[in-house]
1. Work out, step by step, the length gained on full extension between SER294 and GLU154: first 0.36 nm times the residue separation, then minus their alpha carbon distance; give nm to one decimal.
2. Charges on Cβ only, +1 for Lys and Arg, -1 for Asp and Glu, centred on the Cα centroid of the chain; of ALA20, ALA32, ALA268, which one is farthest towards the dipole's positive end?
3. Among LYS271/LYS397; LYS107/LYS279; LYS14/LYS397; LYS108/LYS271, which pairs are too far apart, with a Cα-Cα distance over 29 Å?
4. Note down the magnitude of the dipole of the chain about its Cα centre, charges +1 on Lys and Arg C-beta and -1 on Asp and Glu C-beta and zero elsewhere, to the nearest 20 debye.
5. Over all directions, the average projected area of the alpha-carbon convex hull for the chain comes to how many nm²?
6. Let's test the formula: R0 of 41 Å, r as the Cβ-Cβ distance of ARG142 and TRP385. What FRET efficiency results, to the nearest 0.05?
7. Would you kindly calculate the translational diffusion coefficient of region 253-375, applying Stokes-Einstein with the Kirkwood radius from alpha carbon pairs, for 4 °C and a viscosity of 1.567 mPa s, and quote it in µm² s⁻¹ without decimals?
8. Sorted by packing (mean other beta-carbon atoms within 10 Å per residue), highest first, where do 191-198, 404-411, 366-373 land?
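Every number here is computed from the coordinates shown, using simple stated rules; none is lab data. This one's a predicted model, so the numbers in the text were calculated from it and none came from an experiment. For neighbour counting, all protein chains shown are included, and Cβ atoms are generated from backbone atoms with ideal geometry for every residue, glycine included.
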Amino acid sequence: MAIPLREQRILLQKSGNRCAFPRCQRVLTAEASLPDRPAVLGEIAHIVAESPDGPRGASPLPAAERNRYENLILLCNQHHQLVDSQPQTYIVERLLAMKEDHERWVKKTLGPTDGADWPAEMRPMMAETVYSTLLPVERLPRYVYGVACSLMHERDVTARLRPLRNGEMAPFILRAGMLFTFQNLNDSRGPFSDLVPGRSAERYETIEWCDDSDRLAWFMTLMNRALNKLTGRRGLMLDRAHGRYYFRPNEPGQESVIRYRPLNQRLASRKVVWQPRSKRTGEGRGYWYHRAVSLRFLRIGPSDWCLSVRPELHVTLDGVRPAPSGEIGGKVTRKKSRMFNYDLLSEVNFWRDYLSDRRPRIILPFGPGQHIVISTTLMIGTVTWPGIPEEHAKPFKNVRYVDDMFSWAEVAGLDAAEGERDEDEDWNEYGDPEEQ
């Protein structure tokens, strides 16, 4: 279906007869002498392809909206070919940002000044929200449990664990001849019950541990080991040498794609394992990229914690074998050098979406009343400053995931479990099958 003339006119006028690709801004008509006519060098490109089989066509955007101005971008013929041949690099949200950047530039350049091009010291001050790469922790386990343990190696403990219940996790550490965990060690049906003779475990308040420097380090280790459980359940691998989790291919030698909710759309696709290809020949290069993330809990106040989300890249030779360390730095640095603030925010958003399964919270359960609860709403701050140029301001809609009936019920279940534990005066009796 042809693009309506009205939509074409809006796009051409807002684009100022210039290519919208960053730092191109090529004039899209070439003058000519009679009898020749001016040459048209510009092309109207679809951000989401008109056809589902086209570049970025796998989108929930209705067919009736794909030929509207909002889904069109004006490019020179060279950059039109580039963005359509590399749809995993030039994803929908990146093209939308490119379009917005360019049209702001046109408005600023051709329209009346609004002070955006004044020196910083002359611009009026404004209050602006700044988004971080941190997710706030809403709840911590109230207790840490410990018991004397004669086993010297953690693998021996793992070998004696009983099956977990109800999706629970059982991170643990061995320190000073003791086994410590968030699981109630005196629960006769718990995963550690074979290692606790005669209900001899001790219970410690988390608050007290966090006031002791040595035990605070142990507590943080337990917290971060819980992340190993979360990422493992989400199908991620741990690169121990670099402290990051990464995607592996579903099949050897095959690229992998994930559906997720980006910053300004309902759903989109993104490659998480792929082999870069030569722009000139189209041949695959001798290495593979895997989207990766570094996750770590951080204490930011006496009782305040957050989860740091730092997007990374993992590099392999064939999708499986790690690339030599000397070959990784240059490849990753070159890739990151092309990542601007909005790209970084998009990556952080991808990871919070994937790890939470598009829910308002990430919940790590260790048994009744014992949870880590992480909000998926990015921590923010407010700065008062002259602001950034308008063409670099990129708003986004999916700031937070809204609670629905299921997520509310999930939180209500946690509250009920907390209430039961608060009323339990004799914690040593908890979990006795004779009293159930």
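1. Numbers: separation 140, 0.36 × 140 = 50.40 nm, distance 2.33 nm.
Net length gain for the segment: 48.1 nm.
2. The residue sitting farthest along the positive end of the dipole is ALA32.
3. Numbers: LYS271/LYS397 22 Å; LYS107/LYS279 33 Å; LYS14/LYS397 23 Å; LYS108/LYS271 35 Å.
Result: LYS107/LYS279; LYS108/LYS271 exceed 29 Å.
4. Working: 61 positive and 58 negative charges, 508 e Å.
For this selection, approximately 2440 debye.
5. Values: hull surface 115.2 nm².
For the chain, the mean projected area of the Cα convex hull comes to 28.8 nm².
6. On the way: r = 41 Å, r/R0 = 1.00.
Rounded to the nearest 0.05, the efficiency is 0.50.
7. Details: Rh = 16.7 Å.
The calculation lands on 77 µm²/s.
8. Working: 191-198: 16.8, 404-411: 11.9, 366-373: 22.9.
My ranking of the peptides, most packed first, is 366-373, 191-198, 404-411.
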